[in-house]
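The values are calculated or read from the model by the stated rules, or taken from the named source; none is laboratory data. Note that this is a predicted model, so its numbers are computed, not measured. Note: ideal-geometry Cβ built from the backbone for every residue, glycine included; neighbour counts use all protein chains shown. Side chains are part of the model used for accessible areas, which takes the heavy atoms of the whole protein and leaves out ligands, DNA and RNA. Shrake-Rupley method; radii C 1.70, N 1.55, O 1.52, S 1.80 Å.
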Amino acid sequence: MNMIDSAKAQVRQLTAAAYDKAAAAGLLPAGIAVEPAVEIPKDTANGDYTTTFCLAAAKAMKMNPRQVAQTLIDNMTLEGSYFTSVEIAGPGFMNFRLGEKWFSDTVAVIESEGEKYGENDSLAGKKYMVEFVSANPTGPMHMGNARGGVLGDTLASVLQKSGADVWREFYVNDAGNQIEKFAKSLEARYFQIIKGEDAVEFPEDGYHGDDICELAQAFYEKEGEKYLDCDEKTRHDALAQFGLSVNIPKMKSDLARYGIQYDQWFFESSLHESGYVADTVAALTDKGYTYEKDGALWLKTSQILAENLRRAGKSDEAIEKLGLKDDVLCRANGFYTYFAADIAYHRNKFAVRGFDKVINIWGADHHGHVARLKGAMDALGLDGEHRLDIVLMQLVKLVRDGEIVRMSKRTGKAISLTDLLDEIPVDACRWFFNAKPETQMEFDLGLAVREDSENPVYYVQYAYARICTLLKALAAEGHTVPAAADADLSVLTADEEKALIKQLAQYPAVVYLAARDYDPSFINRYLGELAAAFHKFYNACRIKGEAENVLLARLKLADTARAVLKNGMTLIGCSAPEKM
């Protein structure tokens, strides 16, 4: 239950009831159809909620807005409502002030909903897929994968909290050019082990990391020189399959260490082996969207995108300036391109598995691929424009002591996820990477391990641990947390107490916004604000030594803050430690 929405709804009901009463008495013109707009003012000194109904209705009534407002107030009954008073402000705003009932009910609602607090049904009945990370299985996962992993996992969680049926998926690119390059790189290192490093030239465009050397050595130790003189395809297949058999389980274990589990690891090779890529290309051909040129089969990407742009109101002249290009689906050698497989994969998501919405987490360098893939789905009649959403995330810079960190201990290249998790706690990684996707971020390695209020995850976890310590100490003195119905919550009248309850009431709206905007960093910001509100309350409102009714009411409020802190931390995959 969203107590803020409940309060807004009650303002509308009270205003509408007052208007109906005044109109029936002939004090205001009848038949004015204006929906009262309700907002929380930036400055709540003069009221907690405000409505502009009088400003909107006054013109139709041909009356002064303040006169309308006064008439409504004279005909308004607040008894039994969340509000204690309503006043006229400015040119005709009506400001409502919350009373004890709303604050008490908010604490009671959080208690009754427990772990379900914050849930909403805005996406109920919708089947969503979130595909994220999907790193090439040819080497260790790097920093971009670390960020994409958190964004995808936390986005999936807030979508679930908003009622969606969510499926997490990792797409394994175990076919195509990168696997051939992987095999050639392993082959060169395998030959070097047998013949000597100087006897075999390593391919210039191969994978140069130490991990390739380690895989080749492990392959040699297992197979010896068995694959030295066999045909190239047999050797490449054996090397690639061996490499994947090592790398993919390592990816799974690294992501599990990171707190990420998938519903499915979907293999690109299955699309080729089942004939689904060929079937998808044939479907595009049947719809007239392909043509042959230079022995290859091409997709009429430029035509598809131009059609979409015209529907969106773009002129032919503007479209011409974009320089749209077509894409190869099948090369002259008969091999399907990565784009063809990607189209088939997304067709499978919609046409075979029936997802209402598919969300992909991609690096910003893939932005040029977005319109092409959406267009291909449109061409297949799958409404990619509205059903396929791409969240583009910016790059990450690792910083230590103000200096950018570039090197990896393992590969000599990019920092790997393993390296990162060896140095930084998982909670800190998940917190810092759960930043607004479109912002380029700096990950401060020094800040991430600091144990003070400058470290945001530590600050929030400290608030939680502080409450747990308080509860334990008071329990030892015989004071246990009461049920909301047994506590005298009417004594929570201090500004800091009210501010904390208002902050607790914000949580359902924050979850809703995180899902709506595909931005789970809303949760991080909220938790920081909630921790700050708790610390202010705790420092201003003594608990130990107070009269029993005050002590128990404040203890209940502290425990309510603890529950919501844990709820939010769990949602973004961070732990809530009881001691620090």
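Looking at the stretch 312-378, which trypsin sites (Lys or Arg not before Pro) are in a loop (DSSP not H, G, I, E or B) and have at most 11 other Cβ atoms within 10 Å?
Those satisfying the criteria are K325.
Expressed to the nearest 5 percent, the antiparallel share of DSSP beta bridges inside the chain is 50 percent.
Each eigenvalue of the Cα gyration tensor of the chain, multiplied by 5 and square-rooted, gives one semi-axis; in descending order these are 56, 34, 18 Å. Legend: calculated FRET efficiency, L322 to Q178, from the Cβ-Cβ distance at R0 = 30 Å, rounded to 0.05, equals 0.55.
Packing around the peptides 110-121, 489-500, 23-34, 93-104, taken as the average count of other Cβ atoms within 10 Å per residue, puts them in this order, highest first: 93-104, 489-500, 110-121, 23-34. Solvent-accessible area assigned to carbon and sulfur over the stretch 441-529 amounts to 49 percent, based on a 1.4 Å probe.
Every helix of 4 or more DSSP H residues in the chain counts as -39500 (n - 2.57), and over all residues that averages to -16500 deg cm²/dmol at 222 nm.
In plain terms, the chain from D74 to R400 could stretch by 111.0 nm, reckoned as 0.36 nm per residue minus the Cα-Cα distance.
In order along the stretch 222-227, the phi-based Karplus estimate (6.51 cos²θ - 1.76 cosθ + 1.60, θ = phi - 60°) of 3J(HN,Hα) comes to 7, 10, x, 9, 3, 9 Hz; Gly and Pro are listed as x. For D48, the residues whose amide H sits under 5 Å from its own are F96, R97, L98, ignoring neighbours fewer than 5 places away on the same chain, with H placed 1.01 Å from N. Entry comment: accessible area of the chain is 46 Å² per residue, from protein heavy atoms only and a probe of 1.4 Å.
With a Förster radius of 22 Å applied to the beta-carbon distance between S122 and R311, the computed FRET efficiency rounds to 0.20. When Rg and Dmax are taken over the Cα atoms of the stretch 303-426, they come to 19.6, 54 Å. Only protein atoms count toward the accessible area here, which uses a 1.4 Å probe; on the stretch 27-151, the carbon and sulfur part of that area reaches 50 percent. When DSSP beta bridges are restricted to pairs lying wholly in the stretch 306-442, around 25% turn out antiparallel. Computed from the Cα positions only, the extents of the stretch 468-552 along the three principal axes stand at 45, 25, 24 Å, in decreasing order. Under 5 Å from the amide H of V399 lie the amide H atoms of V405, F443, D444, L445, each residue being 5 or more positions distant or on a separate chain, with H modelled from the backbone and absent for Pro and chain starts.
Based on C-alpha pairs under 8 angstrom that are at least 6 apart in sequence, the stretch 381-482 has a relative contact order of 25 percent.
Taken one residue at a time, the phi angles of the stretch 66-75 give Karplus couplings (6.51, -1.76, 1.60, θ = phi - 60°) of 5, 5, 4, 4, 5, 5, 5, 4, 5, 10 Hz. Gly and Pro are set to x.
Residue ranges 300-309, 386-395, 428-437 sort as 428-437, 300-309, 386-395 when ordered by packing (mean number of other C-beta atoms within 10 Å per residue, highest first). Sequentially through the stretch 164-177, phi angles give Karplus couplings (6.51, -1.76, 1.60; θ = phi - 60°) of 6, 8, 10, 10, 9, 9, 10, 9, 8, 7, 9, 8, x, 4 Hz, Gly and Pro residues having no value and appearing as x. With both labels modelled 7 Å from their Cα along Cα-to-Cβ, the K252 to A278 distance reads 3.0 nm. Annotation: amide H of Y207 within the under-5 Å range of S185, sequence separation 5 or more or interchain, hydrogens built in the peptide plane. Taking the DSSP beta bridges with both ends in the stretch 76-184, the antiparallel portion is around 55 percent.
Restricting the GluC sites (Glu not before Pro) of the stretch 176-279 to loop positions (DSSP other than H, G, I, E, B) with no more than 14 neighbouring Cβ atoms within 10 Å leaves E201, E204, E225. Out of the stretch 135-244, which trypsin sites (Lys or Arg not before Pro) are coil in DSSP terms and have no more than 14 other C-beta atoms within 10 Å? Passing both the DSSP loop test and the Cβ count: K226. Per the Debye formula on identical point scatterers at the alpha carbon atoms of the stretch 416-537, with no solvent, log10 I(q)/I(0) at q = 0.20 Å⁻¹ is -1.23.
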